Every structure is written in structure tokens, then in C-alpha cells.
Amino acid sequence: MKTKHYPDNASNNFLKLRNQLISATGKAIGDYNMVEDGDTVLVCMSGGKDSFTMLMMLLALQERAPITFKIIAMNLDQKQPGFPEHILPEYFETLGVDYRIVEADTYSVVKEKIPEGKTTCSLCSRLRRGIIYTTAKKLGANKIALGHHRDDIVETLFLNMFFGAKMKSMPPKLSTNDKQNIVIRPLAYCSEKDIAAYARGMEFPIIPCNLCGSQENLQRVKVKEMLAAWEREQPGRVNNIFRAIGNIEPSHLADTNLYDFKGLTQANAADEDPLFGDIANEGAALNIASDDGKRIEFTRS
């Protein structure tokens, strides 16, 4: 039975948005070979707009794809006070999707270990990751889908540069440290703005994160505000930054592990910056008009 991915009163604009998101998700999956025939994909559901959208995109693509893959939705109930534990199971039942609710009191652990007012995200995410990996192994899922989108990836790039002195972000696809699972981010090509609009149209039963969602001074929030200001100033800038992450020129950075700068002893045409190639060629075409030992004058022929 096909899953309906839009409300009965959906406008043409909403349907266009939905198709754009499905197309972007499908392209990301294809570009990085995220899902293969016979895969079992554990779809991590936090109850936020991103994970709801990711699940719907994967269900839509599951119906269209020329391959067969299984989807298992998973929610980690971290025992946060007031967590509405009935919402996600009821929603999954409505969709008819296979799901698991995993219970682990990580909330108490984080509150015990992290002083009041300090950022809880790092410890919380590590605890979640370990539980998710263990659950994937138990269920035989070889792919773990996370709901990070394009803006998350760009924000992480700047966080790692500003506070970790690393040119590093969230890759669309990676292997877990124990080599047992592949983590995928199907929404890597989707903007947060489009996801938010889709989520509003779908009226997802969003569950807020009371543990960390209220920490307004998180560095990620500051980076998000910075990028939003850049985007207002010059629309398309965030997308250009994202595209740059996948368009690296190692010879024009400074990492000696990625490029053999020490071994560079003579010019190599492959290392020429294509942006300035034409300018360099123009300079090489000039003729020396005079050289008095102190000054050299070039002129066009």
C-alpha cells in the first residue's frame, strides 16, 4: 500500500515543494550510493521536523526505486520529563511502517554529568550514538539514516573551523568506527527552509527537545545566525559553501597529509588554479621590452 505524502488540501506550491525534496533526497542517495538493493535502513526519529521529513522522503523513494530495501523507524526515548511517548508509535502505526521504540534513561546521565548551564549536546549525542549502533546490530540494519540537512552540514563546517581548527563537517555518508554500519544523511542536499515549509504543510506532531532545545547560547545557534545574515545579504551563499565542501583543491589548501608540498620541486600543470590560468597565460604572452639590471619592462607584442 502506498503512503500518502501530502494532505488532502495540498496546494500546487506544496506539491512542488514535496517533489523538490524527494528529488533532492533521491539525488543525494544516488550520488553517494547511500542505499543499495537488499539494505535494511534504520531511520532515526527524534520527533523533530527533519526526521519526520526524512522518513517521508525515504518512504516515497522506497515506492519509486528500482531496488528493494527495508525501512525500520526508531525512536530513542531518553526519559526526558514530560516526553509524550505515545506520539511517535501512533504516527508510525498510521503510516503502517515497521518501528522500534528504544528506552534508555540518558537524560539522567547527562543531567548528572553536565553542570547546570553547560552545553549537554556532546555527551547526549555520544550516548545516543552508542545506543543507535547497538540497536542497528540487533535488528540487522546495515544502514543508519540521520536527519541532518544541508544547513547542518555547513554549520558544522564553521563550528569545526572556529572551535576545533579543523576543516571538517558531516559527510553525507560514513562508516562507523567499528566498521559495522554505514551512516547516511539522505537530506544532505535539502535546505532547512524547505524542510520547515514541508513539515508545516504536513502538520507533523513535532516533539520539542527539552534537554537541549532551550540552550539559546549554543555556539551552533550563533553560527546559524551568522549564516542566516550572510544569506540575507547574498542569497545562495550557504548553498555555495555547501558545494565547496564537495569541490576541494588539496594543492590550494595547506594540509601536508593531503598534498605533498615538501615534494613539490617543480611546476606541475595539474596544480595550476583554473581561476587564474587565463591570467597567467596572458602574462606569459607579454614580451620583455627592456631590462637595465634594476627594472624590467613588459609590453604586449
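The values are calculated or read from the model by the stated rules, or taken from the named source; none is laboratory data. Note that the coordinates shown come from a computational prediction; the quantities given were computed from them, not determined experimentally. We place every Cβ from the backbone using ideal geometry, glycine too, and count neighbours over all the protein chains shown. For the accessible areas, the whole protein counts, side chains as well, though only heavy atoms, and no ligand, DNA or RNA atoms are used. Shrake-Rupley method; radii C 1.70, N 1.55, O 1.52, S 1.80 Å.
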Legend entry - Selection status of Gly38, of a type outside the set (Val, Ile, Thr) and under 17 Å from His148 (Cα atoms): no
Inset, instruction - Please tell me if Lys27 is among the basic types (Lys, Arg), in contact (Cβ under 8 Å) with a residue 60 or more places away in the chain and open to solvent by 20 Å² or more (accessible area, probe 1.4 Å). - result: yes
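Residues being among the small types (Gly, Ala, Ser) and closer than 12 Å to Phe158 by Cβ: count how many of those fall in segment 233-243. Outline the logic, then answer.
Pass one, segment 233-243, residues among the small types (Gly, Ala, Ser): 236.
Subsequent filtering for residues that are closer than 12 Å to Phe158 by Cβ retains none.
Total meeting the criteria: 0.
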Legend entry - Single condition Tyr6 does not satisfy, out of (1) open to solvent by less than 70 Å² (accessible area, probe 1.4 Å); (2) of a type in the set (Phe, Trp, Tyr); (3) within 21 Å of Cys190 (Cβ to Cβ); (4) at pLDDT below 95: (1)
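Only one of Gly283, Gly246 is modelled with pLDDT under 85 and either open to solvent by less than 70 Å² (accessible area, probe 1.4 Å) or closer than 23 Å to Lys168 by Cβ (or both); which?
Working: Gly246 fails: modelled with pLDDT under 85.
None of the other options fit; the residue is Gly283.
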Legend entry - Among (1) open to solvent by 70 Å² or more (accessible area, probe 1.4 Å); (2) at pLDDT 95 or above; (3) part of a helix (DSSP H, G or I) - the single one Thr134 does not satisfy: (2)
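Any residue at all in segment 153-164 that's of a type outside the set (Lys, Arg) and in contact with a Gly (Cβ under 9 Å, 6 or more places away or on another chain)?
Just the residues of segment 153-164 that are of a type outside the set (Lys, Arg), to begin with: 153-164.
Pick out the ones that are also in contact with a Gly (Cβ under 9 Å, 6 or more places away or on another chain) and you get none.
No: segment 153-164 contains no residue that is of a type outside the set (Lys, Arg) and in contact with a Gly (Cβ under 9 Å, 6 or more places away or on another chain).
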Inset, instruction - Please state which of the following conditions Ile144 fails to meet, knowing it meets all the rest: (1) β-branched (Val, Ile, Thr); (2) crowded, with 19+ Cβ neighbours inside 10 Å; (3) within 22 Å of the chain's Cα centre (by Cα); (4) not in a strand (DSSP E or B). - result: (4)
Inset, instruction - Consider only pairs whose beta carbons are under 7 Å apart and that are at least six residues apart or on different chains; among these, list those whose first residue lies in segment 64-90 and is more than 18 Å from Ile22 (Cα to Cα) and whose second residue is surrounded by 14 or more Cβ atoms within 10 Å (Cβ to Cβ) and small (Gly, Ala, Ser). - result: Ile72/Ala141; Asn75/Gly47; Leu76/Ala104; Gln78/Ala104; Ile87/Gly47; Leu88/Gly47
Legend entry - Given (1) in a helix (DSSP H, G or I); (2) open to solvent by 20 Å² or more (accessible area, probe 1.4 Å); (3) more than 30 Å from Ile29 (Cβ to Cβ); (4) touching a residue at least 24 places away in the same chain (Cβ under 8 Å), index of the condition Leu61 fails: (3)
Legend entry - Thr156 being closer than 30 Å to Gly201 by Cα, β-branched (Val, Ile, Thr) and part of a helix (DSSP H, G or I): yes
Inset, instruction - Pick out the one residue from Val110, Val35, Val43 that is crowded, with 18+ Cβ neighbours inside 10 Å, over 22 Å from Asn181 (Cα atoms) and in contact (Cβ under 8 Å) with a residue 40 or more places away in the chain. - result: Val110
Inset, instruction - Take segment 89-115 and flag every residue that is within 27 Å of Glu36 (Cα to Cα) and either in a loop (DSSP other than H, G, I, E, B) or among the aliphatic types (A, V, I, L, M) (or both). - result: Leu95, Gly96, Val97, Asp98, Ile101, Val102
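Could you say which residue among Ala196, Ala188, Ala228 is in a helix (DSSP H, G or I) and either open to solvent by 80 Å² or more (accessible area, probe 1.4 Å) or in contact (Cβ under 8 Å) with a residue 60 or more places away in the chain (or both)? Break it down stepwise before answering.
Working: Ala188 fails: in a helix (DSSP H, G or I); Ala228 fails: either open to solvent by 80 Å² or more (accessible area, probe 1.4 Å) or in contact (Cβ under 8 Å) with a residue 60 or more places away in the chain (or both).
Among Ala196, Ala188, Ala228, only Ala196 is in a helix (DSSP H, G or I) and either open to solvent by 80 Å² or more (accessible area, probe 1.4 Å) or in contact (Cβ under 8 Å) with a residue 60 or more places away in the chain (or both).
Whether any residue in segment 165-184 is of a type in the set (A, V, I, L, M, F, W, C), in contact with a helix residue (DSSP H, G or I) (Cβ under 7 Å, 6 or more places away or on another chain), in contact (Cβ under 8 Å) with a residue 12 or more places away in the chain and in a loop (DSSP other than H, G, I, E, B) is what I want to check. Talk me through it step by step, then tell me what you get.
Going through segment 165-184, the residues of a type in the set (A, V, I, L, M, F, W, C) turn out to be 165, 167, 170, 174, 182-184.
In the following step, the residues that additionally are in contact with a helix residue (DSSP H, G or I) (Cβ under 7 Å, 6 or more places away or on another chain) were identified as 167, 170.
Retained after the next criterion (residues that are in contact (Cβ under 8 Å) with a residue 12 or more places away in the chain): 167, 170.
Cutting the leftovers down to in a loop (DSSP other than H, G, I, E, B) gives us 167, 170.
The answer is yes, given that some residue of segment 165-184 is of a type in the set (A, V, I, L, M, F, W, C), in contact with a helix residue (DSSP H, G or I) (Cβ under 7 Å, 6 or more places away or on another chain), in contact (Cβ under 8 Å) with a residue 12 or more places away in the chain and in a loop (DSSP other than H, G, I, E, B).
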